[in-house]
Amino acid sequence: MQKRTFIKRLGQLALASPFTPHLSYSQSRLTINGKQPYIETDDFWLKIRADYDIKPDYINLESGYYNIIPIPTRQKLEEHIKMVNFEGTYYMRTVQWDNKKAAAARLAKLVNCSPEELIITRNATESLDMVITGYPWQEGDEAIMAEQDYGSMLDQFKLAARRYHIVNKVVSVPNHPESDEEIVQLYENQITPKTKLLFISHMINITGHILPIKKICEMAHRYGVEVLVDGAHCIGHFDVNIEELDCDYYGTSLHKWLATPLGAGFLYVSKKKIPKIWPLLAEHRREPYDIARLNHTGTHPVYTDLTINDAIDYHEKIGVERKENRLRFLQHYWTDTVRNISGVIVNTPIDKTRSCGIANVGMAHLEPQELADTLMNEFKIFTVAIDGANVHGCRVSPNVFTTTEELDEFIKALKTIAARA
């Protein structure tokens, strides 16, 4: 675990709220280089915090839905909006597609896949539902998924079941597995000769549980089953190498941990699988292996596509490994402290390889929404309640701008609430 040195200088700084230091962006930016070795220092993360315009009304521990854009990236977005508006139709009829393709190539490099296998979408839901709906289903085909998977995908599988008469087989992933093999076996037990597609979350969104995707892909492929991976919370959160995962399809949102503007995601499709997926929207005739055949969207906010490059710049400036280490450190800073408190239930594995920045915590004597309301109304801490699929608690997702002082306030609040039981 990294040194817990981050809080030493907080008391020396002017406070913009009862909780956190707010530094002037123009005065406090730090020149950073992602290639420098990871060093946990006060100055480094305080300067990163200064790159964010943070609302002072509450402690924001819910970055999982939408990761607010750092000021340098937001300024680039504003420049792109002005440029597109100035160029008008000329831009839209000349270089918009070349620029989108270049941004997709940059993303492909970030996640280690071929640019010919990746397209920019609007979000993970669009990416994953495109595969679920566009898959060449036959009546009686089977798909496997988990009740902990994201609701929009489960709803899409239900729609496919009604439309194509496929069979959905749903497992339940344990919050605290004993081994990777336990997870692999859970899915393997559901495979039959009729199984066509296995859908799995790379990181379960409600608990932060990272699943052994590579091992699951190896197992599924032995049976001739394809694997669709939901990576909505992974890109920009921790290092993802799609080539090593060996999955067939991978969808994600980029407005979460990569901190792009809203309306950006990507879909990866293994080259040999591209011809079999039906497009969501019709495109003019293209070659079967041209992934652009899946990418017809009509007119859309092209400045979002341009800002993906700037978001990657900022991500790499911090450093992929450094950011991952920081997020994992923040999560364990609070979860390691509260796991043994009577009445507190942590729904995220303790093994550091099975989680990163996201975790989930509940109270034995409180419903999840009651806990979320108490944290917000009494302690001014914003989280989100999760109540279902064997998970009963609040999802907690700090960010690179989160301080250990804020987490100390959160720990104090949990201890206070637990003591009331």
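Being without any contact (Cβ under 8 Å) to a residue 60 or more places away in the chain and either of a type in the set (A, V, I, L, M) or touching a strand residue (DSSP E or B) at 6+ places or on another chain (Cβ under 7 Å) (or both) is the filter here; which residues of the stretch 226-249 pass it? Scanning the stretch 226-249 gives 226, 227, 229, 234, 245, 247, 248. Selection within the stretch 303-349: residues that are part of a loop (DSSP other than H, G, I, E, B) and without any contact (Cβ under 8 Å) to a residue 40 or more places away in the chain. The member of this set that is surrounded by the most Cβ atoms within 10 Å (Cβ to Cβ) is 339. Residues being among the basic types (Lys, Arg), in contact (Cβ under 8 Å) with a residue 12 or more places away in the chain and within 30 Å of residue 301 (Cβ to Cβ) are entirely absent from the stretch 190-209. For the stretch 43-88, taking the residues that are β-branched (Val, Ile, Thr), surrounded by 22 or more Cβ atoms within 10 Å (Cβ to Cβ) and touching an Asp or Glu at 6+ places or on another chain (Cβ under 7 Å), the one that is nearest to residue 408 (Cα to Cα) is identified as 59. The listed residues are 359, 419, 385, and the only one of them that is under 22 Å from the mean Cα position of the chain (by Cα) and without any contact (Cβ under 8 Å) to a residue 24 or more places away in the chain turns out to be 385. Restricting the stretch 119-145 to residues that are surrounded by fewer than 24 Cβ atoms within 10 Å (Cβ to Cβ) and of a type in the set (Gly, Ala, Ser), the residue that is nearest to residue 105 (Cα to Cα) is 134. Number of residues in the stretch 385-408 that are in contact with a strand residue (DSSP E or B) (Cβ under 6 Å, 6 or more places away or on another chain) and either at pLDDT below 95 or over 15 Å from residue 348 (Cα atoms) (or both): the value is 1. For residues in the stretch 169-213 being exposed (fewer than 14 other Cβ atoms within 10 Å of the Cβ) and charged (D, E, K, R), which is farthest from residue 124 (Cα to Cα)? That would be 178.
When you check residue 224 against the structure, is it under 23 Å from residue 351 (Cα atoms) and small (Gly, Ala, Ser), yes or no? Spelling it out, it is not the case that residue 224 is under 23 Å from residue 351 (Cα atoms) and small (Gly, Ala, Ser). No other residue among 278, 257 is buried (at least 18 other Cβ atoms within 10 Å of the Cβ) and either more than 17 Å from the chain's Cα centre (by Cα) or modelled with pLDDT of 95 or more (or both) apart from 257.
In this structure, residue 148 does not satisfy being in a loop (DSSP other than H, G, I, E, B) and over 26 Å from residue 202 (Cα atoms). Among the conditions (1) in a loop (DSSP other than H, G, I, E, B); (2) at pLDDT 95 or above, the only one that residue 298 does not satisfy is (2). Taking into account only those residues within the stretch 260-271 that are of a type in the set (Gly, Ala, Ser) and surrounded by fewer than 23 Cβ atoms within 10 Å (Cβ to Cβ), which is modelled with the highest pLDDT? Restricting to residues being of a type in the set (Gly, Ala, Ser) and surrounded by fewer than 23 Cβ atoms within 10 Å (Cβ to Cβ), the top hit is 270. Just one of the numbered conditions (1) crowded, with 17+ Cβ neighbours inside 10 Å; (2) over 17 Å from the mean Cα position of the chain (by Cα); (3) touching a residue at least 24 places away in the same chain (Cβ under 8 Å) is not true of residue 378: (1).
The values are calculated or read from the model by the stated rules, or taken from the named source; none is laboratory data. Predicted, not measured: the structure shown is a model, and the values here were computed from it. Glycine gets a Cβ as well: all are built from the backbone with ideal geometry, and neighbour counts include every protein chain shown.
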